[in-house]
1. Which condition number in (1) touching a Pro at 6+ places or on another chain (Cβ under 9 Å); (2) among the aliphatic types (A, V, I, L, M); (3) modelled with pLDDT under 85 is the one that residue 163 fails?
2. Consider residue 90 carefully, then state whether it is assigned by TED's automatic domain parsing to the domain that holds residue 185, acidic (Asp, Glu), at pLDDT below 70 and under 22 Å from residue 167 (Cβ atoms).
3. Restricting to region 45-78, and then to whatever is farther than 20 Å from residue 215 by Cα and at pLDDT 70 or above, can you tell me which residue is surrounded by the fewest Cβ atoms within 10 Å (Cβ to Cβ)?
4. Quick test of your reading of the structure: residue 186 fulfils all but one of (1) free of Cβ contacts under 8 Å to residues at least 24 places away in the same chain; (2) farther than 29 Å from residue 281 by Cα. Name the failing condition by number.
5. In region 124-158, how many are closer than 30 Å to residue 181 by Cβ and of a type in the set (Phe, Trp, Tyr)?
6. Which numbered condition in (1) loosely packed, with under 13 Cβ neighbours inside 10 Å; (2) at pLDDT 70 or above; (3) more than 23 Å from the chain's Cα centre (by Cα) is the only one that residue 1 fails?
7. Do any helices (runs of 4 or more DSSP H) lying entirely in region 157-228 carry at least 2 residues that are over 26 Å from residue 74 (Cα atoms), and which ones are they?
8. Of everything in region 121-154 that's surrounded by 15 or more Cβ atoms within 10 Å (Cβ to Cβ) and of a type in the set (Phe, Trp, Tyr), which residue is modelled with the highest pLDDT?
Amino acid sequence: MFGAVPALLTYYWCMKMPETARYMALVARNAKQAASDVSKVMQVEIEAEEEKVDKIGTASSNSFGLFTREFAQRHGLHLLGTSVCWFLLDIAYINNLFQKDIFSAIGWLPKAETMNAIHEVYRVAMSQTIIALCGTIPRYWFTVVFIDYIDKFTIQLMGFFFMTVFMFALAIPYDHWLSNSAGFLIMYSLTFFFANFGPNATTFVVPAEIFPEKLRLNCHSISAASGKLVAIVGALGFPYAAQNKDPSKTDADYPPGNGVRNSLFLLGGINCLGIFFTFLVPECKGKSLEEITGEKEEADANDMQQASSTQTFPV
């Protein structure tokens, strides 16, 4: 019951949030409301430029729809890149769900039959807490500090690259790690560090910056849905895939699977694919939203054309 309170508070405050000024100006075509909202935030008086807003709103960069040839030409590869990268990240990130199998395989957790339910929950929670303290929590601070200094393309590329490296570093000498559980956990923590200080941050941020205002929500939703779809599949499939090949060593009611080592190889290959699809995502550091979506270039071209048409020459 009490768990519903945060959700209700979140809903209330979301309903109190105003629309962004860009949405009000370019989509709702309400320049006065946009100027008023910006004035409240910036605490300065801003005049509504209705003519300029109408000019930008009717530009070709804001006139095409999602399922049009022009969108496919301008942003089709961008949408493919953001969707597939989010898709691949969530496959790789789903190894959260079989941490118990990994910890058991390297001897970090005792066999299930030697523990009662409370002891098992405690040991699993302790192991996951160590991983979070070593990898997940530090990445948040790294992301906060560096995301405005290192371009997002580099952060995402670096994240997928090192996730690939550490996954293969765990999988190839897997037998070595069985007798060196501390080293395994350090390497495993680093995969989470670079997942979070990497694509787990940028896949959320980039789709909110590179698409036109009119279609930004649609494109961000498609990208996010791609990730959540595979999260459902991964939640159902990976616990089975990570089971031991030996039927006598699987968890209760689970059939034999591919084993932890092969699952790590699979995750490493998926991360490697993320490297290639990252090249479809444009860099947006230091660029305004108008520059990213092409609105600025179009406006400049129109201004130059208008200036040349009104220019007079002496005879």
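1. With (1) touching a Pro at 6+ places or on another chain (Cβ under 9 Å); (2) among the aliphatic types (A, V, I, L, M); (3) modelled with pLDDT under 85 applied to residue 163, the lone miss is (3).
2. no
3. Among those residues, the one meeting the criterion is 45.
4. Exception for residue 186: condition (1).
5. So the answer is 3.
6. Result: residue 1 passes all but (2).
7. Correct list: 174-178, 181-196.
8. Ranking the candidates gives 153 first.
The values are calculated or read from the model by the stated rules, or taken from the named source; none is laboratory data. Since the model is a prediction, treat every value here as computed from it, not as a measurement. Ideal geometry is used to build each Cβ from the backbone, glycine not excepted, and the neighbour counts take in all protein chains shown.
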